[in-house]
Structures are given as structure tokens and as C-alpha cells.
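Chemist: Shown below is the structure under consideration.
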Ligand code: XIL
């Protein structure tokens, strides 16, 4: 039964009829694994390179770019009729030391930022449909995070990055992406204020990515409210990195609670007029970033370690089929 469901490529097809593009983060590290490569292309209509486009991977030494790994993922996406999301152009993590310890002047940093965005976005223009231009720029308090970019260029680095991205690709949808903005709080408010201000000032931003690294007690009605206020100012939203961590080994009860969150988040996106994309951050418990970062927690994806659908998978299908 479950095998038959998977064999039909259920998620991406049901997603297409339900009006939501369902994607997954994927890594070149696992593409050589037959089951991984088979399930990824069959179940998902969009692919986000999990690490391959971060600065340390794509721009490892100053001025020299390494596109091979992302090109391989894009070739895989081409073969399987998948769209590609770009992640991410500006972040405070996974940066090479030439950048963070380079002692650059503000003018040099600005040129480095402009150049990076022009080259990377330019390389994938017409292929990458959505870009996470800036990732995680705020602290939980709502203060601007101190990073190589904010320290060197001030808060204006964010506008600058979006303008550079638009100059390099006039078509791709440009997103600000963050975590813990799925429910009310000072960080969610700070992001909303920034995005509202960018729109008023004509800075080219199209959407906000809710990462959605969640726990099984997440109240999805809060997400509905957060999405709605962006709709009111004409800004799109996407679920960009959904996973729902539970204590491991998972119990039947936690699998059910997790399934409810997967289903509710997808239903929230489907209902919102400004949401048409949901990406899971890893699709099998065999390869997920969660256990290495959240001690004692894991089993956070819709498929188990043997690629069998969990209740979370069924809840996603149900959320897409509901009339
Ligand atoms: C994670 C990757 O999944 C890991 O493989 C890597 O070691 C660290 O980064 N928010 C993000 C993602 O925007 O880029 C992070 O991805 C997870 C949290």
C-alpha cells in the first residue's frame, strides 16, 4: 500500500493539483545513493541545495568560484523536471575565513558582496526561480545580528544585497529567510517592519521565507496570522526549511503529533493566497541535519531512515487533497 503511494510520486503530483510546489533540500553527498536519488526526483518538484551555494562552498577563495556541486544538483533537477531554489547569498554562517578574517574596508566589503551576488546569481539566472538573498539577519530580540556584513556595512547591506540580486536576475523571486518568525514575537515583528520598509522604499524584495524548523507542539494558527500580514502588504511567503523534531527514538504519539504539524503547516500555505511553495529540509530521517544539532532530538522528516512514509507524509498528502 505505502509502497504504491510512493511509486506514484504522490507528493509532487498531489502538490501540483493542490496548488503548492513541494520541494526538498538535497545534498550532492547523498545523490550517489540509489534510493535517495530515486525518491528525491519522484516525490519533489523543487530542490534546494542544502549547503552547496553557501559562501564556503561556492566561493572558497577570494574571487574564485566553485560551481561544480550546484551544477550537479541543477543537472539532476533538469533530468527530473524540478525547479531550483537558491540558498543563500548572505549569511553569518558557513563563510570562508578569507571573508570573515580578511580585515576589509567597508568599500572593499561592498565590492566583494556586489561581485559575489552578480557572479553567483548570474551563473544561475533563468534556472533558479527563488533566491534566499539574506538569511537570518536578526537576533531573537529583534536586534540586527552582528555579522561581517552588518559590522562592515551597517544595516544597509540588506538593501544592497537585494538590489544586486535583482540586477543579476530580473525574474527570480527574491526572499528574506529566517527561523522563529513563524509565530508572534520580537523577531517576527522586526522582520515584518524591515520588509514593510523595504517595500515602501522600492527595494526589490518579493517574499519572506519561513524556515519552519519546528517542534511537534507548534501552534499552526500562529503561522496563519504571520502569513496573513505579509499578504496584506503584497509580499509572498514560502515555507523554506520545514522539519519537525521529536525526541528519539520517536514514539507513536510523537509521530502523530509531528504529522499534525506537517499537515497544518502545509494547509496554512495552501490556504494563504500568497504561499505556493513548501520545502522540507531533508526528506528522509537517514539524512537530516537535526540530530547533529539538537541533542536527543531527530526523526524530523516525512520519511523514515528506510525511506518509508511516516504519518507526516500521509498528513501532507491529505492536506493537499482536502477540498
Ligand atoms: C544546515 C545544513 O542542513 C547542514 O548540513 C549544515 O551543516 C548547517 O546548515 N538554517 C539554514 C540552513 O538556513 O542553511 C541550515 O542548513 C539549517 C538552518
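Taken together, the values in this text are just the output of simple stated rules run on the coordinates, not laboratory data. These numbers come from a predicted model, not from an experiment. Note: ideal-geometry Cβ built from the backbone for every residue, glycine included; neighbour counts use all protein chains shown.
Chemist: Would you check if there is a residue in the stretch 134-155 being closer than 26 Å to residue 46 by Cβ and surrounded by fewer than 20 Cβ atoms within 10 Å (Cβ to Cβ)?
Modeler: No, the stretch 134-155 contains no residue that is closer than 26 Å to residue 46 by Cβ and surrounded by fewer than 20 Cβ atoms within 10 Å (Cβ to Cβ).
Chemist: Quick one: count up the residues across the stretch 57-86 that are surrounded by fewer than 14 Cβ atoms within 10 Å (Cβ to Cβ) and either assigned to a helix (DSSP H, G or I) or in contact with a strand residue (DSSP E or B) (Cβ under 6 Å, 6 or more places away or on another chain) (or both).
Modeler: 4
Chemist: Okay, next question. Only one residue in 33, 52 is within 16 Å of the ligand (Cβ to nearest atom) and over 20 Å from the mean Cα position of the chain (by Cα). Which one? Outline the logic, then answer.
Modeler: Numbers: 52 fails: over 20 Å from the mean Cα position of the chain (by Cα).
Step by step, each of 33, 52 is checked, and only 33 is within 16 Å of the ligand (Cβ to nearest atom) and over 20 Å from the mean Cα position of the chain (by Cα).
Chemist: Which ones in the stretch 229-263 are in contact (Cβ under 8 Å) with a residue 24 or more places away in the chain, assigned to a loop (DSSP other than H, G, I, E, B) and over 22 Å from residue 185 (Cβ atoms)? Spell out how you get there, then give the answer.
Modeler: Looking only at the stretch 229-263, we keep the residues that are in contact (Cβ under 8 Å) with a residue 24 or more places away in the chain, and these are 229-231, 233-250, 254-263.
Right, trim to assigned to a loop (DSSP other than H, G, I, E, B) and you get 233-235, 248-250.
Those that are in contact (Cβ under 8 Å) with a residue 24 or more places away in the chain, assigned to a loop (DSSP other than H, G, I, E, B) and over 22 Å from residue 185 (Cβ atoms): 234, 248, 249, 250.
Chemist: Can you work out which of the residues in the stretch 155-186 that are within 30 Å of residue 221 (Cα to Cα) and assigned to a loop (DSSP other than H, G, I, E, B) is farthest from the ligand (Cβ to nearest atom)?
Modeler: Filtering first and then ranking leaves 184.
Chemist: Turning to a different aspect of this structure: Identify all residues within the stretch 273-294 that are in contact with a helix residue (DSSP H, G or I) (Cβ under 9 Å, 6 or more places away or on another chain), crowded, with 20+ Cβ neighbours inside 10 Å and under 20 Å from residue 182 (Cα atoms); write none if there are none. Break it down into steps so the answer makes sense when it comes.
Modeler: So the first thing to find is which residues in the stretch 273-294 are in contact with a helix residue (DSSP H, G or I) (Cβ under 9 Å, 6 or more places away or on another chain), and the list is 273-278, 280-287.
Narrowing the set further to residues that are crowded, with 20+ Cβ neighbours inside 10 Å leaves 275, 277-278, 280-285.
Result: 275, 277, 278, 280, 281, 282.
Chemist: I need the full set of residues from the stretch 264-293 which are within 12 Å of the ligand (Cβ to nearest atom) and assigned to a helix (DSSP H, G or I), in order please. Walk me through it before giving the result.
Modeler: Start the filter on the stretch 264-293 by keeping residues that are within 12 Å of the ligand (Cβ to nearest atom), which leaves 279-282, 287-293.
Matches in the stretch 264-293: 290, 291, 292, 293.
Chemist: Give the residue that is farthest from residue 68 (Cα to Cα), with candidates limited to residues of the stretch 87-128 that are in contact with a strand residue (DSSP E or B) (Cβ under 6 Å, 6 or more places away or on another chain) and in contact (Cβ under 8 Å) with a residue 60 or more places away in the chain.
Modeler: Top of the filtered list is 90.
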